[in-house]
Structure formats: C-alpha cells, structure tokens
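Q: Just dropping this structure here.
The values are calculated or read from the model by the stated rules, or taken from the named source; none is laboratory data. Owing to the predicted nature of the structure, the values given are computational and were not obtained by experimental measurement. All Cβ positions, even for glycine, are placed from backbone atoms using ideal geometry, and neighbour counts span all protein chains on display. The area values use the complete protein model at the heavy-atom level, side chains included, leaving out ligands, DNA and RNA. Shrake-Rupley method; radii C 1.70, N 1.55, O 1.52, S 1.80 Å.
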Amino acid sequence: MTLELTGASRRDLLKASVVGGGLVLSFSIAPKAGAAEAGAQALNAYVRIAPNGLVTIMAKNPEIGQGVKTSLPMMIAEELDVLWENVRIEQADNDPKLFTRQFAGGSLATPMNYDDLRKVGAVARAMLVNAAATAWNCPSGECKTAEGHVIHVSTGRKATYGSLAGQCAGVAAPDPKTIPLKDPKTYKIIGQPKRQYDTKKVVTGQPLFGIDVRVPGMLYATFEKAPVFGAKVATADLEAARAVKGVKKVFIVEGGTKLDGLLPGVAVVADSWWAARKGRNALKTTWQDHPTSKQSSAGFDKRAAELNAGAPQMNLRKDGDVDAALKGAAHTVEAAYAYPFLSHAPLEPQNTTAHFKDGKMEMWAPSQNPEPGRQLVASTLGIKPDDITVHMTRCGGGFGRRLSNDYMVEAAWIAREAGAPVKLLWTREDDMHHDLYRPAGYHYFKGGVDDKGNVVAWQDHFVTFGEGEKLASSAGMGGTEFPARFVPNCKIDQSTIPLGVPTGPMRAPGSNALAFVNQGFIDELAHAAGADPVAFKMKLLGDAPMVGTGPSGYNAGRMRGVLAEAAKMSGWAARDKLPKGTAMGVAFHYSHAGYFAEVVQATVNPANGAIKVDKVWVAADVGRQIVNPLGAMNQVQGAAIEGLSHALYQKITIVDGAAKESNFSNYPLLRMAAAPPVEVKFVITDYPPTGLGEPALPPVIPALCNAIFAASGKRIRTLPIDTKQLKA
C-alpha cells in the first residue's frame, strides 16, 4: 500500500533512488554482520549517495517538533564530510532490528546517539576513501576528504562521493573503533544553526503529520469511550448510528482494563470523518457503573489533608534529627503546596491510520514510542510483531502523551473489524478527556534556617497517588530530590491516595511539579532569613563540586555556574530599581542531565491581580556541544513558554471520576500576545552533550511564582495561579 502524502509515494521515490544508482551505506550499532548488496544494504541504512552527489540521510527517531529529524542527521553529515546543502533527509520507519531504539522521550536523542551516529558518518567516509584508494592504487592514508570529495593529497586528484558510491558495494565496512572522529574544532555542521528540515512544509501546510495521511480506499473512524476511565458500555443505539448516511460499520469494542491500552467503547466507521462523527452522536451511549466514578479533585484534596494530619505511610529519606533542628532554628517556615492534573494538549489530536490485510497490519502513526506501540498491537490482536509495519509520521506535538499508544491499538482493532484501511481521528474533547495526565500532588513542608542563613532542617510529607509502594505512573519522587543531601537534617515521607485516573509522563516528568514546590519553599526560607534569594541558593548549593555519584550524582558546581550566569544576564543585582509592582524571581533545577537556572521578571496589577510576564532569562548547561544552536534555542524557549502556560492557566479537574475540562476554551494555552521574550545562554562545560527537550521547563514555574511574591507579597503555593488572590 502506498502513502499518499505527496504526488508520488515515498516507496516509489525510494525505489527510484535505489534502482537509479543510489547506494545505501549503512552502519550497525548492534553486534551484527551483513553483506552489502548492489544498491542496498542489509543492515542499518542511514546514508544513501546518488551519482549526482546528493546525500540522503535517514532520521531514525520520531520527530515531534524537537528537531531531531535535523540534528541527528547533522551528526552523520559532519563526520561524512559533506556540504549540508547537499543533504536530503528521510524519516525512517520503525525498525528496531535496523535502527535499534527509536523513540522521542527523556531528552535522550542526543546523549544516546551522539557518538554512534558520528561513527555512522565516519565509517561511510572511510568506505569512500578506501574505494578511491583502490581505484587510484594508493594507500588510503594518502587521501583526505572535503565537502563531498575524496582528494589524493600529493597529486591533488579528486573524485566526488557520487562517482565513488557505486564502487563501495564491494568495500567492506571498517571497524568503527579504528576510525578516528573529527576534532570538534574543525566542525562545519555540528554547532552551526540550521533550520529544521521540514520548517517550510510545516508553515505552508504541506502534509507531514499523521492527521494528513491518505491511503487508497481509506475509511474514517471515531471511537467513543466512557467519561469514567475504563467503564464498559451499558447501552448504545447502534441502529441509529448505522442509519446515518455514509456510515459503514458500527460495533462495540469490549476492550480491557489497562488504562493505556484498548479500553471499552463504540466504534463508528464511515466514508468521511464527519459522517463518522454524526453516527457517533446518534449512539446515545450509556455506561456501566465503575468503582472510580466517585473520585474527584475535591475528594483528593480532602484526603491529602487527612493523610497529612496522620502518620506518613512510608519514609523516603531520613538524615539527622529534623525535629531537633527545627526546634533550634532561628527561623522556621511551614507551608502546604499543591499542583493539579494536567493534560498534554498537543495541537494534533491522537490519530492513526491502519490497514489489516492477509494477516498483516500496516500502520501510519504519530507515535513518540512506535516499537512499544507495535508490541501492544501484537499482544492485543494476537498478531506476530513481525507482521506489523509501523510508518512513523511527524507528530503535531507530543510532550510525553504519545509515549503511550492507546490510539494505535484502537485504530488497529477497528481496521481489522472494518475490513478496510481506516483512519482513526480523535476529537479535541477525546484528546482532553482521555489523556494520560500529569499526576497531581501535595507537599507539606517544614523548614528551618539558622542565624547565619544556613538551611538546617527540611521536611516534606509528599502525598501522591497509588497504593502502598506501587505508585501511579510519573507520580513518584526520589529520596535524592534537591535539596536532599544539601541539608544536614532532612526527612522526606510519602503517603498515597488510590487513583482511577490514567497518568503518564509529561514534559520533564516529575520535575515539572517538583521544581515548583521545592524551589518555591526554598524561596520562602530565603525570605524568612532576610537573604537575597540568589545568594541564599548559592549558599545552599555549597562549595563542593559534586554531591553523590553515578546517575543520582548532583554537580553543584555546574548548578552554581548557571545560577551565576542567570543572575548576570538578568541584571539581578539591580532589581531594586524596577518600578513598584514589578519584580524578579529566580529558580534552578537539575532535570534530564541538564542544569538550568532561570530568572523571571513579572508585573502584578494590584487592582485586578493580573499578571504580565515581562521577560525570562535562561542559563543552561548541557555539556560541551550544542549540536544545532537554532534548534536548541527553540527548545529552551518553547519549554519556558509551556511552563508559563502550566503556571498561569492549566488544570484538569476530576469530577465523578471523569475529566471536566474539554477544550482550549477551558484549558487555555499561553497566547502569542502574552508570550514574553526568552533570552537564552548556553554555559559550555567539558561534559558529554545531553538533551534539551525537557530540562528548561521546570525552573520557569517557581521563578515566576517567586517573582509574583516579590512584586505583590502574595505567596503562590497552588497551581494554576489564582489572580483573584493577588488583588490588593
């Protein structure tokens, strides 16, 4: 089956490029061996070179707007030594046998691929050099490369990669360990700002996304599920839906109980999406009772307070004697913080196109995590994973939502029952009512500061969701969460509330909420001590370069570096000169291997409590190399803007076991007119490069809340910010 996103199918274009003389060069990160064949390669096909010298590079990971379709090929192109303007990029299909792990999450694209993909380019370059040396009957060491050419140094003889590509079919790929990589000082592509490869297509509305997919004979589907997560169908007027013009099939899906899998519901399949929607409206579905139908946000709030009044259910960390330290502290503070459930709200609703034929499933899915999606479809439908093909389309936003693949398995099930290719498309309301939400949480703090401004006691009773030690997805907190290990007397306890609401990772999982509460309470301690918040946080970080080892190690030196830089960028020292009602707040956070400090300047109108975010300054340390500075800047700015949306507007309210908010009218995003300028500086340090999709978001929320306190004297301890509380 062909994918009709453009006039010619991708498969036809690929066939033309291979049959027309292009050569696939490949590199296997996995310990496999394979023989190169004329025009194709049996192993990981990353690089294809045509006779005219154009180089096609496969982008292995899903593109969700974070720019990896550009940055990962940049790594290959740099070591291949070609001109960027001669590079073409194609999205790879999901194929773990060829490309190993293909996913978008955890800010891991750069750290997981930086070394290996550079080796891909280096090995391909070495093969071209060897082909030229063989043709010229000279040692390969006498040759060098430059801008898509192999050059014989002593004679100046030159050959294009395009003229050599055909000869590489008989050249064995060298051991990557034997191929030296470039000195970063010589980079011409890595470290240079490059526009995202598909930017023009995105802004001109050309088809790229899952929602754009069209295949011959395709039908459209909607899938109605219960408002209470996992409830089964009681009644549905299937005949009324079938009577709608254009409706082809209507059927009940029994589904299961796994909240991120195939749940019960009613599918309506039609010759247009609008007909499917009309058929769905005619169903008049009712739902069976469900055990979690009495759960609510108000009930969770009440239960959290009850749990805090009693003994914690378990302890996560205990250093020193917190009670004694609090009694001896010069200043003590108690505060209760809370944050709500959040919806990911990607602009492209969930969708997948699926076709089941002759026992095999072909799918086009905007998934952040396509291989687990393939496995989910296989296990749910009883199909062999090898009989399922997943084509990765561009995702119209993900933010963690598309790490789960419930929409994929729904589309697969419906397509099998329909007997035709089917595009399942959720409504905006479906997307918001059936998210895997960022979990809510509650923190009950006690802290103490001595007369020298040192934090001597820290206590947090964390009330989250789960049962016992089994927590809801993304609802946990580790015992090393800052400022643990930096305070001599530290106690972190945990209690849980049972939950029937599906939860999951959201951009900077855990950190997006924990930074708000911890950095907010640290600011409260600074105020109690009468200290400058920057100086207070510097003192808390201490003088040691590193606290802890391994994955849980915390590089205090790197954090001090970005905190100092953020203060310098923002003119923190001169903040007292700001007009009345305008102030700065500061926060920092370590997330996804990145060290970030941020300052927010905000103005609070005392007449109505309205907040204007004037500017954000971000200092970031993600190691020694920024692969694509333009993409990196976009990621940081976008993360800060999204964090401001979380703080100012967003909340999912659970009522009678279901999500109340349904669309952007009651779950708003920050609009362009309210978006502040975001100034970014990367602090380069001699550490391996890490990712940028997530770590810029967490600090902006507490930095804004701390700025609001400085401007108004009103402390924000619950999100989203209630501006009515800021009135004079």
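Q: So if I check each of GLY448, GLY419, which one is farther than 22 Å from SER552 by Cα and surrounded by fewer than 19 Cβ atoms within 10 Å (Cβ to Cβ)?
A: On the way: GLY448 fails: surrounded by fewer than 19 Cβ atoms within 10 Å (Cβ to Cβ).
One residue alone meets the criteria, GLY419.
Q: Turning to a different aspect of this structure: Being without any contact (Cβ under 8 Å) to a residue 40 or more places away in the chain, closer than 27 Å to ASP386 by Cα, open to solvent by less than 40 Å² (accessible area, probe 1.4 Å) and not basic (Lys, Arg) is true for just one of ILE57, ILE64. Which residue is that? Spell out the reasoning first.
A: Details: ILE64 fails: without any contact (Cβ under 8 Å) to a residue 40 or more places away in the chain.
Among ILE57, ILE64, only ILE57 is without any contact (Cβ under 8 Å) to a residue 40 or more places away in the chain, closer than 27 Å to ASP386 by Cα, open to solvent by less than 40 Å² (accessible area, probe 1.4 Å) and not basic (Lys, Arg).
Q: Of the numbered conditions (1) open to solvent by less than 50 Å² (accessible area, probe 1.4 Å); (2) of a type outside the set (A, V, I, L, M); (3) within 30 Å of ILE522 (Cα to Cα), GLY328 satisfies every one except a single condition; which is it?
A: For GLY328, the exception is condition (1).
Q: Being within 16 Å of ASN706 (Cα to Cα), among the small types (Gly, Ala, Ser) and open to solvent by 10 Å² or more (accessible area, probe 1.4 Å): is that true of ALA528 here?
A: Values: within 16 Å of ASN706 (Cα to Cα): yes; among the small types (Gly, Ala, Ser): yes; open to solvent by 10 Å² or more (accessible area, probe 1.4 Å): yes.
Here the answer is yes, as ALA528 does meet what is asked.
Q: Within the set of pairs 6+ apart or on separate chains, which have a first residue in segment 291-308 that is farther than 14 Å from HIS443 by Cβ, a second that is open to solvent by 30 Å² or more (accessible area, probe 1.4 Å) and of a type in the set (Phe, Trp, Tyr), and C-beta atoms under 6 Å apart?
A: Qualifying pairs under 6 Å: none.
Q: Considering LYS539, LYS568, which residue is in a helix (DSSP H, G or I), closer than 24 Å to GLY479 by Cα and open to solvent by 30 Å² or more (accessible area, probe 1.4 Å)?
A: Details: LYS568 fails: closer than 24 Å to GLY479 by Cα.
Going through LYS539, LYS568 in turn, just one is in a helix (DSSP H, G or I), closer than 24 Å to GLY479 by Cα and open to solvent by 30 Å² or more (accessible area, probe 1.4 Å): LYS539.
Q: Mind checking whether some residue in segment 701-716 is open to solvent by less than 30 Å² (accessible area, probe 1.4 Å) and assigned to a loop (DSSP other than H, G, I, E, B)? Reasoning before the result, please.
A: Initially, segment 701-716 is screened for residues open to solvent by less than 30 Å² (accessible area, probe 1.4 Å), giving 701-708, 711, 716.
From what's left, assigned to a loop (DSSP other than H, G, I, E, B): 716.
Checked segment 701-716: at least one residue is open to solvent by less than 30 Å² (accessible area, probe 1.4 Å) and assigned to a loop (DSSP other than H, G, I, E, B).
Q: Only one of these is open to solvent by less than 30 Å² (accessible area, probe 1.4 Å) and closer than 30 Å to TYR590 by Cα: ARG101, ARG118. Name it. Steps first, answer last, please.
A: Numbers: ARG101 fails: open to solvent by less than 30 Å² (accessible area, probe 1.4 Å).
One residue alone meets the criteria, ARG118.
Q: Quick one: which of THR110, THR199 is free of Cβ contacts under 8 Å to residues at least 60 places away in the same chain and out of contact with any strand residue (DSSP E or B) (no Cβ under 9 Å at 6 or more places or on another chain)?
A: On the way: THR110 fails: free of Cβ contacts under 8 Å to residues at least 60 places away in the same chain.
Selected residue: THR199, the only one of THR110, THR199 that is free of Cβ contacts under 8 Å to residues at least 60 places away in the same chain and out of contact with any strand residue (DSSP E or B) (no Cβ under 9 Å at 6 or more places or on another chain).
Q: Something else about it: Counting only residues that are under 14 Å from ALA226 (Cβ atoms) and assigned to a strand (DSSP E or B), how many does segment 270-286 have?
A: 1
Q: Moving on to the next point. Looking at (1) in a helix (DSSP H, G or I); (2) in contact (Cβ under 8 Å) with a residue 60 or more places away in the chain, which one does VAL534 not meet, given that it meets all the others?
A: (2)
Q: Of these, ALA298, ALA267, which one is open to solvent by less than 50 Å² (accessible area, probe 1.4 Å) and either assigned to a strand (DSSP E or B) or on the phi < 0 side of the Ramachandran plot (or both)? I'd like the intermediate steps shown before the answer.
A: Numbers: ALA298 fails: open to solvent by less than 50 Å² (accessible area, probe 1.4 Å).
Step by step, each of ALA298, ALA267 is checked, and only ALA267 is open to solvent by less than 50 Å² (accessible area, probe 1.4 Å) and either assigned to a strand (DSSP E or B) or on the phi < 0 side of the Ramachandran plot (or both).
Q: Then there's this: Filtering segment 163-211 down to residues that are within 30 Å of GLY397 (Cβ to Cβ) and of a type in the set (A, V, I, L, M, F, W, C), which residue is farthest from the chain's Cα centre (by Cα)?
A: Quick first cut of segment 163-211, residues within 30 Å of GLY397 (Cβ to Cβ) only: 189-211.
With of a type in the set (A, V, I, L, M, F, W, C) added as a condition, the list becomes 189-190, 202-203, 208-209, 211.
Numbers: ILE189: 25, ILE190: 22, VAL202: 19, VAL203: 22, LEU208: 19, PHE209: 17, ILE211: 20 Å.
Restricting to residues being within 30 Å of GLY397 (Cβ to Cβ) and of a type in the set (A, V, I, L, M, F, W, C), the top hit is ILE189.
Q: Sticking with this structure for a sec: Can you report the number of residues in segment 571-595 which are within 26 Å of the chain's Cα centre (by Cα), small (Gly, Ala, Ser) and either open to solvent by 30 Å² or more (accessible area, probe 1.4 Å) or not assigned by TED's automatic domain parsing to the domain that holds ARG715 (or both)?
A: The number of residues fulfilling the criteria is 1.
Q: Here is a further query. Identify the single condition in (1) open to solvent by 20 Å² or more (accessible area, probe 1.4 Å); (2) of a type in the set (Gly, Ala, Ser); (3) within 19 Å of LYS423 (Cβ to Cβ) that GLY396 does not satisfy, given that it satisfies every other one.
A: If we test GLY396 against (1) open to solvent by 20 Å² or more (accessible area, probe 1.4 Å); (2) of a type in the set (Gly, Ala, Ser); (3) within 19 Å of LYS423 (Cβ to Cβ), just (1) comes out false.
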